[in-house]
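Okay, structure first, notes after.
The values are calculated or read from the model by the stated rules, or taken from the named source; none is laboratory data. Just so you know, these numbers come straight off a predicted model, no measurement behind them. We place every Cβ from the backbone using ideal geometry, glycine too, and count neighbours over all the protein chains shown.
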Amino acid sequence: MKLVISVFVIVLLNCAMNCLGADTNREEKNHNKNQHEQQHKHSIIGGTYATMCQFPWMVALLITTNKGEFLCGGSIIDNQHILTAAHCVKGAKEVLVSAGGNSRYKMEVQMVVDKSNIHANQNYTGPDLFQNDITVLTLPRKLIFSDCIQPIAVAQPGESFYSNCIIAGWGETRAGKATKYLKTAEVQLLVSSECRMFFPDVTSQQVCGGSGYWMGPEACHGDSGGPLMCFNAVTEELTIVGITSYGAAKCQNGMGVYENVAHFVSWINRMRNT
């Protein structure tokens, strides 16, 4: 039976992300993008491939820095704004946003977001604690919505959600390569005491999710910035509750930490109006 958990409780449900990428024959064979090796770069391990346009708000982000290029995920929240993680855009010169499809090499729309339109939270603490790990990207032009391009609902303070949630991304699989096609996996929101067994520094600004078992599904390298999606207990609408932030360095413990979106609603709205 699904457990209903309020956002106030979710605020206390601090735990880690799911690596959704499993070993499959459809993994990308020739992806040589430079990727950071810090523990906050995550991709989906142990999941399945998403169906076409299953998550029409998902975008692939190719971030260009002085150190090279690396991959993150993001979520469309309206026709001109993308929600992602602050650590994804640290040092970014520009971000290539690809929307409208499951293959990150074959998308309906691509836009380049320059540095002036990358709005990382001013209180982001960096890779020590990953607090305030949230960013809003402003697109240079408005998206035209279609079957494969749609916004996701944003969690609001006080709303309640079922604890069975979903993550998605194009990050690394257990084979160590980024996947060409969007992958997805189910995770459970966890209470703070369970989360702190793996991540003792989680705060009320973060939520936790995971499979709860070793080598279970979780986010991994390349899935950072993507959504933790849960069903609203009243409307049944799939909603972005968290932003993939960090997990175990080798994506092996089935746990992950996500930035609590409801905590940042006021800030998100200010960035939308910037």
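Name the residues in segment 122-138 that are of a type in the set (Ser, Thr, Tyr) and under 18 Å from GLY242 (Cβ atoms), would you?
TYR124, THR125, THR135 - these are the residues of segment 122-138 that are of a type in the set (Ser, Thr, Tyr) and under 18 Å from GLY242 (Cβ atoms).
Against the list (1) within 17 Å of ALA86 (Cβ to Cβ); (2) buried (at least 24 other Cβ atoms within 10 Å of the Cβ); (3) of a type in the set (Val, Ile, Thr); (4) at pLDDT below 90, the condition THR173 fails is (1).
Does THR184 meet the test of being at pLDDT below 95, surrounded by 17 or more Cβ atoms within 10 Å (Cβ to Cβ), under 17 Å from the mean Cα position of the chain (by Cα) and farther than 16 Å from TRP57 by Cα?
Details: at pLDDT below 95: yes; surrounded by 17 or more Cβ atoms within 10 Å (Cβ to Cβ): yes; under 17 Å from the mean Cα position of the chain (by Cα): yes; farther than 16 Å from TRP57 by Cα: no.
So THR184 fails the test.
Of the numbered criteria (1) in contact with a strand residue (DSSP E or B) (Cβ under 7 Å, 6 or more places away or on another chain); (2) of a type in the set (A, V, I, L, M); (3) assigned to a loop (DSSP other than H, G, I, E, B), the one VAL97 fails is (3). Close contacts from segment 178-204, counting a first residue that is farther than 30 Å from THR51 by Cα and a second that is basic (Lys, Arg) and surrounded by fewer than 21 Cβ atoms within 10 Å (Cβ to Cβ), with Cβ to Cβ under 8 Å and a gap of 6+ residues or different chains, come to VAL202/ARG196.
Filter segment 216-274 down to residues that are among the small types (Gly, Ala, Ser) and either in a strand (DSSP E or B) or in contact with a Pro (Cβ under 6 Å, 6 or more places away or on another chain) (or both) and give me whichever is modelled with the lowest pLDDT. Working first, answer last.
Kept after step one, since they are among the small types (Gly, Ala, Ser), are these residues of segment 216-274: 216, 219, 222, 224-226, 233, 242, 245, 247-249, 254, 256, 262, 266.
The next check asks that each one be either in a strand (DSSP E or B) or in contact with a Pro (Cβ under 6 Å, 6 or more places away or on another chain) (or both); those that pass are 242, 245, 247, 256, 262.
On the way: GLY242: 96, SER245: 93, GLY247: 75, GLY256: 87, ALA262: 97.
Ranking the candidates gives GLY247 first.
The single residue among THR24, THR51 that is at pLDDT below 50 and in a loop (DSSP other than H, G, I, E, B) turns out to be THR24. Just for segment 122-143: of the residues that are in contact (Cβ under 8 Å) with a residue 12 or more places away in the chain and among the β-branched types (Val, Ile, Thr), which one is nearest to SER98 (Cα to Cα)? That would be THR138. When ARG104, ARG141 are screened for being surrounded by fewer than 20 Cβ atoms within 10 Å (Cβ to Cβ) and basic (Lys, Arg), only ARG141 passes.
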